[in-house]
Every structure is written in C-alpha cells, then in structure tokens.
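Everything on this sheet refers to the single structure shown next.
The values are calculated or read from the model by the stated rules, or taken from the named source; none is laboratory data. In this text, all values refer to a predicted model and were calculated from it rather than measured experimentally. Every residue, glycine as well, gets a Cβ built from its backbone with ideal geometry; the counts of neighbours run over all protein chains shown.
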Amino acid sequence: MSAWTVIILGIVEGLTEFLPVSSTGHLILAGYALHFTGEEAISFEIIIQLGAILSVVVYFRRRLWDLIRQLPRDPVSQRLALALAIAFVPAAILGLALHKWIEKYLFGPVTVSWALILGGVVILLVEHNMKRRQIQGLNQIELRQAWWVGIAQCLSMFPGVSRSGATIIGGLLTGMYRTTATEFSFLLAIPTMLAATGYKIVKTHNVLLQGDPLLLPLGLAVSFITGWAVVAGFLAFVRSHTFKAFAYYRIVLGLVILAIMR
C-alpha cells in the first residue's frame with residue numbers, strides 16, 4: 001500500500017460515499033485497477049469510511065447538537081430521532097445476517113457494473129414518474145415514511161447499488177422533496193455507517209494494526225476533506241437539479257466496465 005494508493009482511494013471514498021453512485025462499487029473497481037485487494041484493502045476501506053462519517057458529522061454538527069439538546073423535551077426532535085432509529089433497523093438486522101455472504105459472493109467488478117446500470121435505470125424511472133411531493137422538511141417526515149426509507153437502504157448492501165442512492169430514492173418515492181430526502185439520507189448515514197464501521201473494526205482489528213501507522217491517518221484525512229466538500233456541494237446541487245446526471249454516469253460507467261471485462 002503506497003501513499004498514492006491511499007490518496008486515490010481516500011478521494012474515491014470521499015467523492016462517492018454521499019453521491020448516488022455507490023462508494024463500495026467504486027472502491028472495488030478502484031482496488032482492482034490499482035491491484036489493491038484482499039484483507040488489507042478491506043481493512044483500509046474501514047478507515048477511509050470513518051473519515052467520510054466524520055465529515056458528515058462535522059457538517060451537520062449544529063443540527064445534531066440541537067437535536068440532542070432538545071431531545072428530552074421537544075416532541076418534534078423526538079419524532080425525528082425515532083424516524084432515524086426506525087430507518088436504521090432494517091439494514092442493521094440484514095447486515096448482520098448477510099454481510100459475510102455478500103462479501104464472499106458479490107464483491108466483484110461484474111456484479112458492481114450490473115448494479116450501477118440497473119440503479120441508474122431506476123433513478124431515471126423515478127425521476128420521470130415523480131408524483132407530487134409534500135414533505136418539505138425533516139420535521140414533517142412520518143414514521144411510516146422512515147420505515148420505507150429503511151427498507152430501501154437494505155438494497156444498498158448489494159455492492160454497486162449505493163446507500164445514499166437507495167435512501168434518497170426511497171425518500172422521493174414516499175413524497176419527500178429532493179433536499180429533504182438528501183438531508184435525511186445524510187443523517188441516516190451517521191448511525192448506519194458508525195455501526196457498520198465499528199463492527200468491521202472489531203472483526204478486523206488485527207489486520208488494521210498491521211498497516212502503516214502513517215498511511216492510515218492520511219487516508220482518513222483525505223476522505224474526510226473530500227467528503228465534507230461533497231456533502232456541502234451536493235446539498236446545494238439538489239436544490240435546483242435532478243438526479244438524472246448521476247443515473248447517466250452510472251449507466252455509462254457500468255457499460256464501460258462490462259466492455260473492459262469481456
């Protein structure tokens with residue numbers, strides 16, 4: 001693992017974690033391109049995912065602090081916290097049950113390519129057939145809608161689908177505005193990614209300790225800086241744009257990878 005490999009993968013993680021293009025899929029593809037695969041690669045991805053988590057925590061720090069501070073006495077904050085908890089549960093349960101099988105059989109460029117293509121098609125279909133949206137703020141999200149976003153998040157366990165893409169599209173289908181669905185997706189990423197990353201650290205801490213003590217912080221820092229910039233830019237983007245550009249990107253990338261693999 002070289003410094004350049006660390007920087008490239010850190011940038012890939014930061015760029016793709018919160019966009020509807022699949023960070024896991026891009027890391028798998030980048031790992032194959034850089035000839036960096038196996039246990040060491042998987043353990044390193046844990047570190048750069050932690051950097052991405054920290055970026056969204058820092059970006060939403062005021063909102064999170066207000067939520068925590070008001071939680072004991074404010075019914076609106078309590079409902080939002082409960083909505084996030086409800087949305088977190090389905091993927092947490094399925095993740096514990098299926099993660100080993102998924103990593104063993106589905107982590108590869110071909111499966112990622114097909115997931116990118118199919119996900120792009122789904123985004124285009126949803127954008128083309130969008131119904132009238134009524135949920136304009138996080139405080140208006142109902143528990144039933146949060147549950148369906150959580151169900152949608154389960155699809156992201158398939159590499160190439162995209163956690164943010166699945167949850168944002170799930171939010172749109174339940175009637176949320178793009179900005180509301182995106183913000184809810186980002187907030188939901190915090191408990192989801194913290195749980196997944198914490199579990200992986202416990203399982204692979206021996207491999208993590210074998211890594212270069214200087215390269216791991218470098219990867220974390222690169223993914224943090226890149227992720228923070230993407231979160232800020234993406235929230236500004238969705239206020240006046242659709243997700244169609246990301247759908248076309250997914251389809252083109254998937255087709256190119258399939259052509260190369262032939």
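Do we find that S156 is in contact (Cβ under 8 Å) with a residue 40 or more places away in the chain, touching a helix residue (DSSP H, G or I) at 6+ places or on another chain (Cβ under 6 Å) and within 18 Å of V56 (Cα to Cα) in this structure? Even if it seems obvious, please write down each step before you answer.
On the way: in contact (Cβ under 8 Å) with a residue 40 or more places away in the chain: yes; touching a helix residue (DSSP H, G or I) at 6+ places or on another chain (Cβ under 6 Å): yes; within 18 Å of V56 (Cα to Cα): no.
So S156 fails the test.
Give the number of residues within segment 226-254 that are more than 16 Å from the chain's Cα centre (by Cα) and either outside any helix (DSSP H, G or I) or under 9 Å from S55 (Cβ atoms) (or both). If you could, list the steps in order and put the result at the bottom.
Initial filter on segment 226-254 (more than 16 Å from the chain's Cα centre (by Cα)): 236-242, 244-245, 248-249, 251-254.
Those left that are additionally either outside any helix (DSSP H, G or I) or under 9 Å from S55 (Cβ atoms) (or both): 239-242.
Matching residues across segment 226-254 total 4.
Take the conditions (1) more than 20 Å from L194 (Cβ to Cβ); (2) out of contact with any helix residue (DSSP H, G or I) (no Cβ under 7 Å at 6 or more places or on another chain); I93 misses just one of them, which is (1). For S113, the conditions (1) part of a helix (DSSP H, G or I); (2) within 20 Å of T197 (Cα to Cα); (3) of a type in the set (S, T, N, Q) all hold with the exception of (2). Taken together, the residues in segment 24-42 that are aliphatic (A, V, I, L, M) and either exposed (fewer than 15 other Cβ atoms within 10 Å of the Cβ) or more than 13 Å from V112 (Cβ to Cβ) (or both) amount to 4.
Screening Y177 with (1) in contact (Cβ under 8 Å) with a residue 12 or more places away in the chain; (2) surrounded by fewer than 21 Cβ atoms within 10 Å (Cβ to Cβ); (3) under 13 Å from the mean Cα position of the chain (by Cα); (4) more than 21 Å from V58 (Cβ to Cβ) gives one miss only, at (3). Scanning segment 31-44 for residues that are in a helix (DSSP H, G or I) and at pLDDT 85 or above turns up G31, Y32, A33. Does G160 satisfy the criteria of being part of a helix (DSSP H, G or I), under 19 Å from the mean Cα position of the chain (by Cα) and among the small types (G, A, S)? Taking the combined requirement at face value, the residue does not satisfy it.
Do we find a residue being under 21 Å from A81 (Cα atoms) and modelled with pLDDT under 95 anywhere in segment 198-213? Don't jump to the end; show me each part of the working.
To start, the set of residues in segment 198-213 that are under 21 Å from A81 (Cα atoms) comprises 198.
Then keep just the ones that are modelled with pLDDT under 95; that gives 198.
Yes, some residue in segment 198-213 is under 21 Å from A81 (Cα atoms) and modelled with pLDDT under 95.
Among residues that are surrounded by fewer than 20 Cβ atoms within 10 Å (Cβ to Cβ), under 29 Å from R262 (Cα atoms) and of a type in the set (S, T, N, Q), T111 is included.
Scanning segment 52-88 for residues that are closer than 14 Å to F186 by Cα and either in contact with a His (Cβ under 6 Å, 6 or more places away or on another chain) or of a type in the set (G, A, S) (or both) returns A52, S55, A81, A83, A85, A87. On the basis of being surrounded by fewer than 18 Cβ atoms within 10 Å (Cβ to Cβ), touching a helix residue (DSSP H, G or I) at 6+ places or on another chain (Cβ under 9 Å) and over 14 Å from S223 (Cβ atoms), does L67 make the cut? Answer is no for this residue. None of I28, I47, I11 is at pLDDT below 90, part of a helix (DSSP H, G or I) and farther than 13 Å from G108 by Cα except I47. Residues of segment 71-78 include at least one that is under 30 Å from I225 (Cα atoms), part of a helix (DSSP H, G or I), modelled with pLDDT under 95 and not aromatic (F, W, Y).
Okay, residues lined up against (1) in contact (Cβ under 8 Å) with a residue 40 or more places away in the chain; (2) of a type in the set (S, T, N, Q); (3) out of contact with any Pro (no Cβ under 7 Å at 6 or more places or on another chain):
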residue: V57; (1), (2), (3): yes, no, yes
residue: S77; (1), (2), (3): no, yes, yes
residue: L84; (1), (2), (3): yes, no, no
residue: F88; (1), (2), (3): yes, no, no
residue: I93; (1), (2), (3): no, no, yes
residue: K104; (1), (2), (3): no, no, yes
residue: V110; (1), (2), (3): yes, no, yes
residue: I117; (1), (2), (3): yes, no, yes
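Filter segment 20-45 for residues that are aliphatic (A, V, I, L, M) and more than 13 Å from the chain's Cα centre (by Cα) and give the result.
Correct list: I28, L29, A30, A33, L34, A41, I42.
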